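I have placed the structure first, in the form of structure tokens, so that the comments after it can refer back to it.
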Amino acid sequence: MNQAVLDWVHEVELLAQPENIFWCDGSERENEFLIAESLKQNVLIKLNEKKAPRSYLHRSNPNDVARVEQFTFICTPTKAEAGPTNNWSEPGETYSKLRGLLKGAMRGRTMFVVPYIMGPPDSSLTKIGFEITDSKYVVLSMRIMTRMGEIAVKRLGSDPKAEWNRGVHSLLDVNPERRFICHFPQDNTIISVGSGYGGNVLLSKKCLALRIGSYLARKQGWLAEHMLILGVESPAGKKHYVAAAFPSACGKTNFAMLIPPKHFAGWKVTTVGDDIAWMQIRDGRLWAVNPENGYFGVVPGTSCKSNPNAMKSIERDTLYTNVALTDDGDVWWEGKDGAPPKHAIDWRGNDWTPDSKEKAAHPNSRFATPMRNNPVLDPHVEDGKGVPISAIIFGGRRSDTMPLVFQAFDWEHGTYIGATMASETTAAATGAVGKIRRDPMAMLPFCGYNIGDYFRHWLETGKRLTNPPLIFHVNWFRKSADGKFLWPGFGDNMRVLEWIIDRCEGRVGAHESAIGHIPRMQDLDLDELTGVTPNQMRELLNVNAEEWQKEILDHAKFFESLGGVVPPELEKQRENLAARFKSSTRA
Ligand code: OXD
Ligand code: MN
């Protein structure tokens with residue numbers, strides 16, 4: 001074992017004073033032991049072996065059900081390094097505060113040491129992490145979500161200067177007043193206390209792969225993004241990969257596992273990743289790997305209609321959090337296929353019937369499932385060099401303004417589209433749901449440094465790409481004046497994906513609008529599309545000048561709110577956008 005790791009574990013042990021230390025090796029035997037212990041201690045409930053083989057339910061503390069952005073901190077030496085979109089706190093003071101909280105925090109508990117890697121075993125992008133935790137639920141989840149155990153210890157070797165991430169997690173007393181998720185990018189260190197909820201405590205995911213990851217990516221010249229990665233193969237056998245950034249709970253997992261409608265017989269969509277993309281430049285192109293090993297998806301709304309591949313993935317080997325338990329030991333949630341059970345135990349552990357006012361499953365209830373369960377897992381998911389990205393897609397939940405799809409004029413314009421994207425908020429983070437917020441590249445809660453420098457890094461990356469991906473924006477969520485969704489979404493998103501791929505191949509037309517290239521009706525394959533009238537289609541593709549005047553003003557306000565960090569190129573993009581509207585209304 002690397003001496004630097006041993007020294008650090010010893011230091012945390014002296015501080016937290018656990019009853020014993022458990023070094024995880026990632027073996028099957030270890031997993032069985034930890035599950036048995038978790039069942040004894042009511043950390044897990046075993047589900048019906050016939051209905052949900054090797055699957056378990058965990059209930060979190062009801063005060064701890066989502067990521068807590070208000071208690072998430074970037075602790076850089078100066079506030080300017082964390083930038084205007086992050087909560088900042090001074091590293092020295094924060095370390096002392098956290099040391100105070102961790103002092104004796106593991107008394108009477110076991111301290112687990114979880115070695116893991118993020119990324120395919122033979123990738124140059126792959127990172128090593130060690131997470132110390134006093135939660136068995138965290139260990140069992142990390143085993144699904146990362147490549148965990150010996151593999152990380154071997155990869156690290158004995159070099160005392162090797163790069164690895166230090167993660168310390170303690171549940172403490174799961175009290176929101178003592179809940180802090182702190183990142184120290186300069187030290188490659190994360191300390192998370194007071195929570196047991198996935199996004200706050202699986203330190204591999206949002207904390208390392210995105211917040212610390214984005215910081216390292218800028219320093220080392222690559223990109224760490226909140227993006228799914230999918231492969232799409234035409235009936236002729238031509239394959240493209242696309243990466244797409246949508247904010248949390250906007251359908252990334254569904255899009256990554258899309259099943260094309262009957263009309264698209266012969267087309268195949270495969271999943272490389274559903275949440276995070278690490279991308280590097282090779283031969284002037286962007287190549288992406290998925291650093292994760294499993295999916296941590298939102299459960300409610302998942303069904304054979306919305307996502308049959310996810311349903312197959314979570315049939316077995318799945319760790320559920322905060323869904324309902326049926327009387328026959330199966331799981332249930334709002335939006336699952338079939339009739340609701342007549343009786344169930346809700347996510348808080350209370351009796352529930354269809355007449356109950358409360359939801360049976362928490363809106364942010366989750367599954368953690370190995371990616372190998374996915375029937376459409378892409379065959380190149382383990383490729384160390386990654387997959388070449390033909391298109392990048394940005395998107396959000398917007399009831400108005402944003403058409404179904406449009407294409408940026410170039411990389412710089414695409415960076416502007418990403419930088420100004422917005423979405424209605426969801427249950428993935430605590431706070432109001434359904435409010436519009438600007439969420440640049442879907443990275444607002446995940447960018448580990450100054451967002452202005454992040455925009456600059458995007459612009460610089462574009463300059464290094466001789467064969468850059470084309471950039472698009474999609475909106476599956478536009479509504480009619482009477483508040484109904486205009487687009488069916490799900491499998492029918494294949495129609496938009498096909499246009500995107502055809503644009504990459506240069507074989508389909510578009511109308512050049514003020515906001516970018518937009519497909520005309522005849523450019524989209526709408527055959528056998530049911531439930532969308534030609535008028536609705538026109539509405540979906542419409543660029544409403546009045547709505548866009550408001551939108552552009554809001555972009556200006558957003559940039560202003562960032563306090564002067566936005567690169568001038570992006571300010572110029574906004575002026576150009578406004579000018580294009582002026583000239584198109586004159587024309
Ligand atoms: C997630 C999130 O859990 O984005 O993936 O919140
Ligand atoms: Mn996410």
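The values are calculated or read from the model by the stated rules, or taken from the named source; none is laboratory data. As the structure is a prediction and not an experimental result, all values here were calculated from the model. Here the Cβ positions follow ideal geometry from the backbone for every residue, glycine too, while neighbour counts run over all protein chains shown. Protein only, heavy atoms only, side chains kept; ligands, DNA and RNA dropped before computing areas. Shrake-Rupley method; radii C 1.70, N 1.55, O 1.52, S 1.80 Å.
Using the structure shown, decide if Arg437 is free of Cβ contacts under 8 Å to residues at least 24 places away in the same chain and in a strand (DSSP E or B). Answer is yes for this residue. Looking across region 408-447 at every residue that is β-branched (Val, Ile, Thr) and at pLDDT 95 or above, the one that is farthest from Thr461 (Cα to Cα) is identified as Thr420. Within region 432-452, the residues that satisfy the criterion of being within 25 Å of Glu81 (Cβ to Cβ) and more than 12 Å from ligand 1 (Cβ to nearest atom) are Arg437, Arg438, Pro440, Met441, Cys447, Gly448, Tyr449, Asn450, Ile451, Gly452.
Scan region 307-326 and give yes if some residue there is assigned to a loop (DSSP other than H, G, I, E, B), farther than 17 Å from Pro370 by Cβ and away from ligand 1 (no atom under 16 Å from the Cβ), otherwise no. The answer is no, given that none of the residues of region 307-326 is assigned to a loop (DSSP other than H, G, I, E, B), farther than 17 Å from Pro370 by Cβ and away from ligand 1 (no atom under 16 Å from the Cβ).
For region 241-297, give me each residue that is at positive phi, within 13 Å of ligand 1 (Cβ to nearest atom) and without any contact (Cβ under 8 Å) to a residue 60 or more places away in the chain. If you could, list the steps in order and put the result at the bottom.
Quick first cut of region 241-297, residues at positive phi only: 249, 251, 266, 283-284.
Cutting the leftovers down to within 13 Å of ligand 1 (Cβ to nearest atom) gives us 249, 251.
The answer is none; no residue qualifies.
The residues in region 225-237 that are free of Cβ contacts under 8 Å to residues at least 60 places away in the same chain and away from ligand 1 (no atom under 11 Å from the Cβ) can be counted, and the count is 4. Residue selection: Asn475 fails the criterion of being touching a helix residue (DSSP H, G or I) at 6+ places or on another chain (Cβ under 9 Å), at pLDDT 95 or above, among the polar types (S, T, N, Q) and more than 23 Å from Asn576 (Cα to Cα).
Go through region 149-179 and count every residue that is in a helix (DSSP H, G or I), within 25 Å of the chain's Cα centre (by Cα) and not aliphatic (A, V, I, L, M).
Going through region 149-179, the residues in a helix (DSSP H, G or I) turn out to be 150-156, 176-178.
Filter again for within 25 Å of the chain's Cα centre (by Cα), leaving 151-152, 176.
Okay, now just the ones that are also not aliphatic (A, V, I, L, M), so 176.
Number satisfying all stated conditions: 1.
Against the conditions (1) surrounded by 24 or more Cβ atoms within 10 Å (Cβ to Cβ); (2) touching a Lys or Arg at 6+ places or on another chain (Cβ under 7 Å); (3) among the hydrophobic types (A, V, I, L, M, F, W, C), Val323 satisfies every one except (2). The set of residues in region 327-361 that are within 18 Å of Val43 (Cα to Cα) and either open to solvent by 80 Å² or more (accessible area, probe 1.4 Å) or of a type outside the set (A, V, I, L, M, F, W, C) (or both) comprises Gly329, Asp330, Asp346, Arg348, Gly349, Asn350. Filtered by the rule that a residue be surrounded by 22 or more Cβ atoms within 10 Å (Cβ to Cβ), away from ligand 2 (no atom under 16 Å from the Cβ) and not hydrophobic (A, V, I, L, M, F, W, C), region 240-289 gives Tyr241, Thr270.
Could you count how many residues in region 417-428 are under 14 Å from Met443 (Cα atoms) and either assigned to a helix (DSSP H, G or I) or in contact with a Pro (Cβ under 6 Å, 6 or more places away or on another chain) (or both)?
Result for region 417-428: 4.
Can you tell which of Val566, Val532 is in a loop (DSSP other than H, G, I, E, B) and surrounded by 20 or more Cβ atoms within 10 Å (Cβ to Cβ)? Before the answer, list the steps.
Numbers: Val532 fails: surrounded by 20 or more Cβ atoms within 10 Å (Cβ to Cβ).
Sole residue among the options that is in a loop (DSSP other than H, G, I, E, B) and surrounded by 20 or more Cβ atoms within 10 Å (Cβ to Cβ): Val566.
Residue check: Phe446 meets all listed conditions (1) of a type outside the set (D, E, K, R); (2) open to solvent by less than 10 Å² (accessible area, probe 1.4 Å); (3) away from ligand 2 (no atom under 16 Å from the Cβ) but one, namely (3).
Check Ser27, Ser96 and return the single one that is under 28 Å from the mean Cα position of the chain (by Cα) and farther than 23 Å from Ser365 by Cα.
Values: Ser96 fails: under 28 Å from the mean Cα position of the chain (by Cα).
It is Ser27.
Within region 188-210, residues that are touching a residue at least 40 places away in the same chain (Cβ under 8 Å) have Cβ atoms under 6 Å from residues that are polar (S, T, N, Q) and within 16 Å of ligand 2 (Cβ to nearest atom) in these pairs: Leu202/Ser141; Ser204/Thr146, counting only partners at least 6 apart in sequence or on another chain. Only one residue in Arg574, Arg580 is under 19 Å from His413 (Cβ atoms), over 31 Å from the mean Cα position of the chain (by Cα), surrounded by 14 or more Cβ atoms within 10 Å (Cβ to Cβ) and of a type in the set (Lys, Arg). Which one? Only one candidate qualifies: Arg580.
Residue count for region 100-114 satisfying the condition of being over 30 Å from the mean Cα position of the chain (by Cα) and part of a helix (DSSP H, G or I): 1.
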